[in-house]
1. Give the number of residues within region 34-66 that are over 15 Å from Leu240 (Cα atoms) and under 18 Å from the mean Cα position of the chain (by Cα).
2. Do the conditions hold for Ile235, that is, is it within 18 Å of Ser211 (Cα to Cα), touching a helix residue (DSSP H, G or I) at 6+ places or on another chain (Cβ under 9 Å) and either open to solvent by 40 Å² or more (accessible area, probe 1.4 Å) or not in a loop (DSSP other than H, G, I, E, B) (or both)?
3. Considering only region 241-286, give the strands (runs of 3 or more DSSP E) lying wholly within it that have at least 3 residues that are open to solvent by less than 10 Å² (accessible area, probe 1.4 Å) and of a type in the set (A, V, I, L, M).
4. Answer yes if at least one residue in region 320-331 is over 22 Å from the mean Cα position of the chain (by Cα), modelled with pLDDT under 95 and either farther than 17 Å from Ile5 by Cβ or of a type in the set (Gly, Ala, Ser) (or both), and no otherwise.
5. Can you give me the ranges of the strands (runs of 3 or more DSSP E) entirely in region 42-88 with at least 1 residues that are among the hydroxyl-bearing types (Ser, Thr, Tyr) and at pLDDT 95 or above?
6. Of all residues in region 185-234, which are among the polar types (S, T, N, Q) and out of contact with any strand residue (DSSP E or B) (no Cβ under 9 Å at 6 or more places or on another chain)?
7. Take Lys33 and tell me if it is touching a helix residue (DSSP H, G or I) at 6+ places or on another chain (Cβ under 6 Å) and outside any loop (DSSP other than H, G, I, E, B).
8. Counting just the residues of region 122-157 that are under 24 Å from Asn199 (Cα atoms) and without any contact (Cβ under 8 Å) to a residue 60 or more places away in the chain, which one comes out surrounded by the most Cβ atoms within 10 Å (Cβ to Cβ)?
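The values are calculated or read from the model by the stated rules, or taken from the named source; none is laboratory data. None of the values given here were measured: they were computed from a predicted structure. Positions of Cβ are generated from backbone atoms using ideal geometry, with glycine treated the same way; all protein chains shown enter the neighbour counts. Heavy atoms of the whole protein, side chains included, go into the accessibility calculation; ligands, DNA and RNA do not. Shrake-Rupley method; radii C 1.70, N 1.55, O 1.52, S 1.80 Å.
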Amino acid sequence: MLEIIKKGQPQFKANLHSHSTLSDGKLSPAELKKIYKEHGYSVLAVTDHEYPADHSDLSDDTFLMLTGYEAHIRYETDRAHKAFQQEIHINLLAKDPHNISYVGYYEPFSSEFVPSPERRAELPKLGPHREREYTVPFINEFVRIAKENGYICTHNHPYWSMEDWSMIEQYEGFFSMEMCNYSSYVRSGIEYNAQLYENLLRKGKRLFCHSTDDNHNAAPLDSIKCDSFGGFTMILSPELSYNAIFRALETGNFYSSMGPRIHELYIDGNHVHIETDPVRHIAMHYGGKFPKCARGTRDNPVCSADFTITPGTPFIRLTATDFDGRSADTRGVFMDEII
């Protein structure tokens, strides 16, 4: 039996993508910690644009700050990106909280994002040391170098970045992609990437999925334009320590959500069992046209479901969608993982 989510195991609520006053966010790292802790989170990655920074001094026994930053790969070297220009954004999360290595250092580009010469001088600089190119070979080289130097990499907001499938299907080395990027979702109502994720699974890509806020906090927290607390990742870890949280991320022990929680999920032979918060809809997707579903009503919501895996199924993933249309999504589980 494969237990993906054990009933009663610790689940730590995380935002793996946020911006502070070190780049274009409106709140300091300490202020971000405060508001996320107040809203029930236990883990926060402050991933400022092109600004690797160690915020581990803000961690405490009940709240963990992850080290990382967000990198941009596009052709231009100035801040003002064009509205119709394709690009890719990548979050680099550091396995060592004190790792602030700058991958892809190129002075004309980097000085735009980290204008302080003193700050740039203190960063360990890694290749590729040339102008960034929005090409598959450059992106894959960038991710490879990041991984070799202690980072794990996420593929951020592919809808906002206007990326083509012909590029995305060739990427290598990402451990996870953003299912929902809430900042983009608040603007567009579209940045929920379930179809893209399933296409990647059908291609045999063993990629995880997570959701983030990508918050900049330009709007008040009580505004309908607020970009915090809408997309999150539930990390399944025995404890709240830096090493344990990273082990969970690397091994896919987490799920993506915009609202619902998943309390149990196991696969026993060809039998799948899931328990969730009360929701409208639970589905098991398997790469075909007709996912298996359990449905509820507001008066009689569904809280659990049992499904049978059809022979020949390449993978499964499960979703639970509440009455406001917010979904929780598991990673794809391939059949050779089931023992």
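1. From region 34-66, those over 15 Å from Leu240 (Cα atoms) are 34-36, 38-39, 46-55, 57; that's our starting set.
From the residues that got through so far, the ones that are under 18 Å from the mean Cα position of the chain (by Cα) too are 36, 46-50, 52.
Count: 7.
2. Here the answer is yes, as Ile235 does meet what is asked.
3. On the way: elements: 254-257, 262-268, 271-279, 281-285.
Those strands (runs of 3 or more DSSP E) span 262-268, 271-279, 281-285.
4. Our first condition is that a residue be over 22 Å from the mean Cα position of the chain (by Cα); within region 320-331, this holds for 323.
Now narrow it down to the ones that are modelled with pLDDT under 95: none.
No; the residues of region 320-331 include none that is over 22 Å from the mean Cα position of the chain (by Cα), modelled with pLDDT under 95 and either farther than 17 Å from Ile5 by Cβ or of a type in the set (Gly, Ala, Ser) (or both).
5. Details: elements: 43-45, 64-66, 68-73.
Qualifying strands (runs of 3 or more DSSP E): 68-73.
6. Filtering region 185-234 down to residues among the polar types (S, T, N, Q) leaves 188, 193, 195, 199, 211-212, 215, 217, 223, 228, 233.
Those that are among the polar types (S, T, N, Q) and out of contact with any strand residue (DSSP E or B) (no Cβ under 9 Å at 6 or more places or on another chain): Ser188, Gln195, Asn199, Ser223.
7. Details: touching a helix residue (DSSP H, G or I) at 6+ places or on another chain (Cβ under 6 Å): yes; outside any loop (DSSP other than H, G, I, E, B): yes.
Here the answer is yes, as Lys33 does meet what is asked.
8. Checking each candidate, the answer is Val143.
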